[in-house]
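Structure, as structure tokens:
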Amino acid sequence: MTAQNKNNNSKVLITGGSGLVGKALSDLLAERGYIVSHLSRKAKAQAKYPSFEWNIEKGYIDKEALQVDHIIHLAGAGVADQRWTPSRKQLIRTSRVDSANLLYKYVTDLKIPLNSFISASAIGYYGEDTGTEWCDESTEMGQGFLADVVEEWESAADQFSSICSVTKVRIGVVLDGEGGALSKIVQPIRLGLGAPLGTGRQYMSWIHTYDLARIFVFVLEKQLQGVFNAVAPGPVTNRAITKASAAAIGKPLWLPNVPSFVLNLALGEMAGIVLNGNRVSSQRIQDAGFQFEYGSVQQAVENLLS
């Protein structure tokens, strides 16, 4: 991606801007000349990127925040951060769906002339476990809690199609050096307790944080509409990503696989995230002209763990 928009003064509002992806995306947009701001639970005018207040439960957004050209909606409670109690599942849904509905209400009430609304989504749309079958953007919706959440999430985003272009970015397993899935894989490896999970044959459709941020910028600048999978070209099995991570930090794997029943006892319903998998295609975003910086999992984990 070239710096062709270095002098761009377009204004971009990001929800969830303080997360791993939001930080990387904010920096990348700022480098390219965009004026970046965030929505946050507390206003922070002197922050690196000005943060305006919003409160989803109270149905409030600072109107000044919405004087922008583009909104990138990343907000959402972490899917794998806590055990899936009924209240946690409700928060996972409302933090994505209700927040998008609130944005739409304010944008339409204030008659904001948005150019685009770009929403995060998730490959959970394809269901809990699709085995070795490839999933692309035309694959039918699967079954399970996450699939249901994604359907509502994307429907909330589609409301904006009456006023601007809409893009939904279905994100895979995000690999980052400061947290997320990779840290959970690496921590037991560092302690000499690393092992593949379940059968180890379940696919993980992953993406490097930097490439994910680049995809959001790419769809914004190319004015792409519709659904795009944000996954690297080479999905790998849980066993393969565990081995690559161990090699990157110079640690051996000597324990047997962690049995499925242990994970079910420890994680409950959420165990499906690690025991099941999806083999998801990135072909559509590549056909649009996007080129990945990190196309192999070995390259990605070595970059992040070095």
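The values are calculated or read from the model by the stated rules, or taken from the named source; none is laboratory data. Being a predicted model, the structure only gives us computed values, none of them experimental. Every residue, glycine among them, receives a Cβ derived from its backbone with ideal geometry; neighbour counts consider all protein chains shown. Accessible surface is based on the protein model in full, side chains and every heavy atom, while ligands, DNA and RNA are left aside. Shrake-Rupley method; radii C 1.70, N 1.55, O 1.52, S 1.80 Å.
General remarks:
- Mean residue ellipticity, 222 nm, helices only, the chain: the sum of -39500 (n - 2.57) across DSSP H runs of n ≥ 4, divided by residue count and rounded to 500, is -11000 deg cm²/dmol.
- Accessible surface, segment 28-112, averaged per residue in Å² (probe 1.4 Å): 53 Å²
- Long-range amide H partners of ASP176 with built H, under 5 Å: ALA181, LEU182, SER183
- Accessible surface comparison of LYS89, LYS48, probe 1.4 Å, protein chains only, largest first: the order is LYS48, LYS89.
- Cα centroid separation, segment 183-253 to segment 73-112 (Å): 25 Å
- Estimated at the nearest 10 Å², the accessible area of ILE285 is 0 Å² with a 1.4 Å probe.
- Each Lys or Arg adds one and each Asp or Glu subtracts one; over the other residues with Cβ under 15 Å from the Cβ of ASN115, this totals +1.
- A 1.4 Å probe, protein heavy atoms only, puts the accessible area of GLU151 near 90 Å².
- For segment 17-84: rounded, prolate or oblate by the Cα gyration tensor [a/c cutoff 1.5]: oblate
- Degrees separating the helix 181-190 axis from the principal Cα axis of the chain, which is the longest one: 30 degrees
- Whether segment 20-166 is rounded, prolate or oblate, judged on the alpha carbon gyration tensor where a/c under 1.5 counts as rounded: prolate
- Cα-projected label distance for ALA77 with ILE249, points at 7 Å along beta-carbon direction, nm: 2.9 nm
- Cα gyration tensor, segment 98-147 - rounded (a/c under 1.5), prolate or oblate: prolate
- Counting only protein heavy atoms and using a 1.4 Å probe, the accessible area of ASP136 comes to about 60 Å².
- Spin-label zone in segment 64-81 - amide nitrogen under 20 Å from a point set 7 Å from the Cα of LYS111 along the C-beta vector: 64-70
- Short-range pairs are left out: with C-alpha atoms under 8 Å and at least six residues apart, the relative contact order of the chain is 18 percent.
- Cα-derived Rg over Rh, computed across the chain with Rh taken as Kirkwood radius: 0.96
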